[in-house]
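See structure below.
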Amino acid sequence: MEIKKSLLQAMLVGLTVGSISSCGMFDQIDEETEVREGVHEDENEKCENCWENCPACGMG
Amino acid sequence: MKMKNARIVGKIVQPVAWDNHSSILSSVACNLDQDILLTLLPLFASSEIEGIEWSFDTLYQREKIPDWFYELLHTYAKEHRLVGHGVFFSILSGQWKDEQRKWLDHLSKMSSRFRFDHVTEHFGFTTSTNFHAGAPLSVPLNTTTLAIGRDRLSRIQNAAQCPVGLENLAFAYHEDEVKRQGAFLNQLVEPINGFIILDLHNLYCQSCNFGKDPLDLVISYPLDRVREIHISGGRWEPSRLSENKSIRRDTHDDGVPEEVFTLLKSVIPKCSNLKFVVLEQIGTALKSETQRTLFQKDFLKMKKLINSIERKENALNTFLPLSNEMVDRPLVNQELYDQQLAISNILESSKDLTDAKRKLQMSKLPKTDWQVEKWDDDMLDTAIQIAQTWRAQ
């Protein structure tokens, strides 16, 4: 399906400038704690705020 | 089942027209995620993407949404090519929560704004008491869950004012669930003339984990009710219990296995009412150029496969509501909810399989419809891993 060029350009600019993730629930957490995107620094440490396996997409 | 002061409150307003489609639309899961959208951009630019599926409830707490994303959604909605995919409603929970009412309000607003071609949710109940932090797990397939599921589906349909469907679950505790899920889904959606999303990777997971022929599982589903198919990839998780065994997980973080493409080719001709085939992958698995290229290749392969199958006639069922009457008070079942809470707590708190089995034995769950006696050890261990990933923080 054809998409207008102006929309494609707006998407490109928006995606290049901003940083967005699929789930808004993490936005509030971002302000409070550092987000480590799915990275476990220590295997025994719980990975808080991981985006990996987000139920929005990967139901597990 | 509590139905005090029941009265009819919901009525569906029949839409003016719906697309009686003849073609199958090659579509993608498209959420407001930088990595997903950067991966999709070349496919949008070359006009390859024919439909998009948006998880409208993942933006629950987001205040600002870029204008261009709304314009993208509207572009597809105008052509009857935008579908809404819910994640957090927990359709088979025994309790009714205020978050579910808010979810329906949100759906109603989104449906008015975008006119979804259809709206879907997942089979199962969500672990965790935190509405936005859980993964769906299965429930007993009995009259209680059937009644609750039908009640929730009628509310979704009333809020969305469009066809409503339910997706099959990848996870199962034991083989009987795998065999019976298709027929149960049919019973759930029948009263609202609903449809089914047949997730082929979910079926693939079940076939691998329970040693079943995937085509045998396919025919256990009411294929005339399939309006949407999902394909995706996942991962092999080594069993923590036995060497040389792995569990197939539906994690959406890798390319589509060849077996799933083969299944898609076999299944499409059997689904006379199919309209959307959706390729899904999570943004965190689309970071590198290699991953993005593989996704784009998978999409084009899927599209070529779909286009190679000739469609002889238009769809026979639009899945428009025949009528939808619902009672004002949502059905609740305290016993079911207590059982779900007990299971969630056990899964989230157990340190290992032995601990979980001990707690299950001490609970009120043995000798109930949950059939915990039949649960496969590896699948229970997998449920522990899933639930603990999403434990409320």
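Between the DSSP loop rule and a limit of at most 13 other Cβ atoms within 10 Å, which trypsin sites (Lys or Arg not before Pro) in the range B:234-296 are left?
In loop regions of the range B:234-296 (DSSP not H, G, I, E or B), the sparsely surrounded trypsin sites (Lys or Arg not before Pro) are B:Lys245.
What does DSSP give for chain B in terms of the percent of beta bridges that are antiparallel, rounded to the nearest 5?
On the way: 7 of 35 bridges.
Given both bridge residues lie in chain B, the antiparallel proportion sits at roughly 20 percent.
What does the extension gain come out to for B:Asp352 and B:Ser266, with contour length at 0.36 nm per residue minus their alpha carbon separation? Can you show the working numbers first?
Working: separation 86, 0.36 × 86 = 30.96 nm, distance 3.98 nm.
The B:Asp352-B:Ser266 span can extend by a further 27.0 nm.
Once phi is turned into ³J(HN,Hα) by the Karplus curve 6.51 cos²θ - 1.76 cosθ + 1.60 with θ = phi - 60°, what whole-Hz value does each residue of the range B:155-171 show in order, with x for glycine and proline?
Once θ is set to phi - 60°, the couplings for the range B:155-171 become 5, 5, 5, 5, 6, 8, 6, 7, x, 10, x, 10, 9, 5, 9, 6, 7 Hz.
Work out from phi, with θ = phi - 60° and the Karplus expression 6.51 cos²θ - 1.76 cosθ + 1.60, the ³J(HN,Hα) of each residue of the range B:179-193, listed in order in whole Hz, and give x for Gly and Pro.
My calculation for the range B:179-193 gives 5, 9, 4, x, 5, 5, 4, 4, 5, 5, 8, 3, x, 9, 6 Hz in order.
In this model, which of B:Lys351/B:Lys374; B:Lys102/B:Lys364; B:Lys78/B:Lys270; B:Lys212/B:Lys265; B:Lys97/B:Lys359; B:Lys212/B:Lys275 are farther than 23 Å apart at the alpha-carbon?
Exceeds cut-off: B:Lys102/B:Lys364; B:Lys78/B:Lys270; B:Lys97/B:Lys359; B:Lys212/B:Lys275.
Can you list residues whose amide H is under 5 Å from B:Glu167's amide H, if they're 5+ apart or on another chain and H is modeled 1.01 Å from N?
Placed amide hydrogens put B:Glu121, B:His122, B:Phe123, B:Ile197 under 5 Å from B:Glu167.
If one computes the Cα centroid of the range B:154-179 and of the range B:316-386, what distance in Å separates the two points?
After rounding, the separation between the Cα centres reads 15 Å.
If you filter the range B:233-274 for GluC sites (Glu not before Pro), then keep DSSP loop positions with at most 13 other Cβ within 10 Å, what is left? Please list the in-between numbers first.
On the way: sites: B:Glu243, B:Glu258, B:Glu259; in loops: B:Glu243.
Passing sites in the range B:233-274 are B:Glu243.
Is any residue of the range B:273-289 close enough, with backbone N under 17 Å, to a label point placed 7 angstrom from the Cα of B:Ser46 along the Cα-Cβ axis, and if so, which?
B:279, B:289
On a C-alpha basis, how far is the centre of the range B:26-97 from the centre of the range B:225-301 in Å? Whole number, if you could?
Cα centres, the range B:26-97 to the range B:225-301: 18 Å.
Please give the net charge around B:Asn186, taking every other residue with its beta carbon less than 11 angstrom from that of B:Asn186, where Lys and Arg add +1 and Asp and Glu add -1.
On the way: positive: B:Arg180, B:Arg225; negative: B:Glu190, B:Asp224.
The answer is 0.
Give me the tail of P(r) for chain B as a percent: Cα-Cα pairs with distance above 29 Å. It would help to have the intermediate numbers written out before the result.
Values: 31914 of 77028 pairs.
The proportion of pairs with Cα distances above 29 Å equals 41 percent.
Computed from the coordinates by the stated procedures, all read-outs in this text should not be read as laboratory data. Since we're looking at a predicted model, the values are computed, not measured. Neighbour counts are summed over all protein chains in view; Cβ atoms, including those assigned to glycine, are modelled from backbone coordinates with ideal geometry.
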